[in-house]
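The values are calculated or read from the model by the stated rules, or taken from the named source; none is laboratory data. Being a predicted model, the structure only gives us computed values, none of them experimental. Cβ atoms come from the backbone with ideal geometry, glycine included; neighbour counts cover every protein chain shown.
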Amino acid sequence: MKLIAVLLLSAFSFSFCFAQTNRRISGEVTDSATGGPLAGVSILVKGKSGGTQTNAQGKFVLSVPANDTATTLLVEHVGYQAQEITAGKEKILHIVLAASMSQMEEVVTIGYATVKKKISPAL
């Protein structure tokens, strides 16, 4: 009976040693020209499916694997240059995005419609 208890205890402790835990990275994304917060910035973990967006105050919180110090974050927003940032062991990040100088092509959408009108002869 003691042998079974010892085996069960060691199995549980062994599984906890290899359980993957996450750590939280939080931070703020601002505009390089104004210093103001940027809302709706996408922050993705490179090579993973997880990510988040900044709130109205430009703040975000993201969970990454605790043992991975080479976690790379992709920071993207429309009209700004995308950045790749290595999080390392940092818990709080301050990210500054610069406006993109590339111009978008002008898009013009025109709609056409055909309407047939039936005219009745006057009596």
* To do: Please determine, by comparing only the residues of the range 89-121 that are part of a loop (DSSP other than H, G, I, E, B) and within 30 Å of residue 63 (Cβ to Cβ), which one is modelled with the highest pLDDT.
  => 98
* **Yes/no for residue 64 being at pLDDT 95 or above and touching a strand residue (DSSP E or B) at 6+ places or on another chain (Cβ under 7 Å)** => no
* Give me the pairs: first residue in the range 69-83 and free of Cβ contacts under 8 Å to residues at least 12 places away in the same chain, second residue surrounded by fewer than 18 Cβ atoms within 10 Å (Cβ to Cβ), beta-carbon distance under 7 Å, and six or more apart or on different chains, which are they? -> 82/74; 82/76
